[in-house]
1. Picking from A29, A58, A43, A14, which residue would you name as being over 17 Å from A338 (Cα atoms) and surrounded by fewer than 19 Cβ atoms within 10 Å (Cβ to Cβ)?
2. For the range 171-197, which positions are free of Cβ contacts under 8 Å to residues at least 60 places away in the same chain, polar (S, T, N, Q) and under 15 Å from H106 (Cα atoms)?
3. Suppose we filter A41, A25 for residues that are more than 16 Å from L268 (Cα to Cα), part of a helix (DSSP H, G or I) and at pLDDT below 85; which single one remains?
4. Across the range 85-107, what is the number of residues that are touching a residue at least 24 places away in the same chain (Cβ under 8 Å), in a loop (DSSP other than H, G, I, E, B) and of a type in the set (S, T, N, Q)?
5. If the requirement is being surrounded by fewer than 20 Cβ atoms within 10 Å (Cβ to Cβ) and farther than 17 Å from K173 by Cα, which of these qualifies: Q211, Q228?
6. Kindly provide the set of residues from the range 1-22 that are in contact (Cβ under 8 Å) with a residue 24 or more places away in the chain and not in a helix (DSSP H, G or I), ordered by number.
7. Looking only at residues that are on the phi > 0 side of the Ramachandran plot and of a type outside the set (K, R) in the range 119-137, which one is nearest to the chain's Cα centre (by Cα)?
8. May I ask you to say which residue of V181, V163 is surrounded by fewer than 15 Cβ atoms within 10 Å (Cβ to Cβ) and touching a Pro at 6+ places or on another chain (Cβ under 9 Å)?
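The values are calculated or read from the model by the stated rules, or taken from the named source; none is laboratory data. Quantities reported herein were computed from a predicted structural model and do not represent experimental measurements. When we count neighbours, we look across all protein chains shown, and the Cβ atoms used for this are built from the backbone with ideal geometry, even at glycine.
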Amino acid sequence: MILRLAFGSLLARALTVGMTILAIALSVALFLGVEKIRTGAKASFADTISGTDLIVGARSGSVQLLLYSVFRIGNATNNVTWESYQDLANRPELEWIVPISLGDSHRQFRVMGTSAAFFEHYKYRQGRSLEFGTGVVMDDLFDTVIGHDVAQTLGYNVDDPIVVAHGLASFAKHKDQPFRVSGILEKTGTPVDRTVIVSMQAIEAIHVDWQSGAKTPGKSTPIDAIRQMNLTPKAVTAALVGVKSPLKTFSLQRAINEYPEEPLLAILPGVALQELWGIVGIAETALLAVSMMVVVTALIGMMATIFSSLNERRREMAIFRAMGASPISILGLLILEATLTAAAGAVLGLGLLYVGLFIAQPLIDSAFGLYLPIETPATRELLVLVAVIFAGAIVSMVPALRAYRLSLADGMMVRS
């Protein structure tokens, strides 16, 4: 009986109730959307590098090494000598190793020197391999493979020339050794999209006439002569390492960290990512707090709506009392109405979230490389919905208690 009365009362005030449900739905969709983006961002960061057991570089901080070697953010404090790299590559625990050399740029995009093994062993998003949209891997000394964003932003196609600049913000360019685009990678949503990839030997080749970070005046070695030179790298910035057995990962990490020839640092990518998220945790918490306040505001708005309708419904409440309804019934009716309103808003908010995900998922993935999976609601999301419904019932108790105290005489009073 009371459930039917609650439904009838809500339908009688369809416009007001509908607006309240919509406000709650939008706030719930916003809160769950922020949570989806937060977890999706974590997953995307974690999926930036997959299948790599260790990252090795000069001794610094683990987060710093992760940022410059994987995300191309910041710079290395020092390089790793080629001799140390070779020692590491010859260790029996290793299944594969990929060198990385950073330092130059092309029109604000990082240039990375590496080997052909990078295209074989670099994995992202739980084991996906790099794929070419067009062209092939570097075949010539002065070939380069560019990421999707580099090609899109600068309008490059296969066989177009590229001139690399010395350093990250330098006007000095390696004009005497231009590169040719041999391939363009498919979109990955990782820093690879914003990277110009060349061989380790090419990094040495473009610096033949450079000493101490500056070009030797009046010296310009012909390209044919450079091709005949020994272009063995002198150092690497970092290295990605795959271990034959996971059981040997920690012992190898300890051996590298205690390497006697020079100070090295080996990090576990997953552990370093957790440290990174710990650093940005304050901003993450602030974002969640803001979205939670939006939900609270919507619930307070619902309470205000109930309060504003009480004066209009005093005669209705008095008639219920006159027909035998107890004050507890009036209290229960108002709480039930608010609970149904909050439940409708929560369910509608969940629906809006998934409609938005269905529409925006490919756009966000393409624009930002942020993959937001469309999955059945997780336990955390369902708990949020239950919490919203429960909170709706709680906030409705304040106006419901006021209605509980309204007397029959006060409700039947005709005001002039």
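1. Details: A29 fails: surrounded by fewer than 19 Cβ atoms within 10 Å (Cβ to Cβ); A58 fails: surrounded by fewer than 19 Cβ atoms within 10 Å (Cβ to Cβ); A14 fails: over 17 Å from A338 (Cα atoms).
On inspection, the qualifying residue turns out to be A43.
2. The one that is free of Cβ contacts under 8 Å to residues at least 60 places away in the same chain, polar (S, T, N, Q) and under 15 Å from H106 (Cα atoms): Q177.
3. Working: A25 fails: at pLDDT below 85.
After ruling out the rest, the residue left standing is A41.
4. The total comes to 0.
5. Q228 is the lone residue from the list that is surrounded by fewer than 20 Cβ atoms within 10 Å (Cβ to Cβ) and farther than 17 Å from K173 by Cα.
6. R13
7. Of all residues in the range 119-137, those on the phi > 0 side of the Ramachandran plot come to 125-127, 135.
Filter once more, keeping what is of a type outside the set (K, R): 126-127, 135.
Values: Q126: 15, G127: 18, G135: 29 Å.
Ranking the candidates gives Q126 first.
8. Working: V181 fails: surrounded by fewer than 15 Cβ atoms within 10 Å (Cβ to Cβ).
So the residue among V181, V163 that is surrounded by fewer than 15 Cβ atoms within 10 Å (Cβ to Cβ) and touching a Pro at 6+ places or on another chain (Cβ under 9 Å) is V163.
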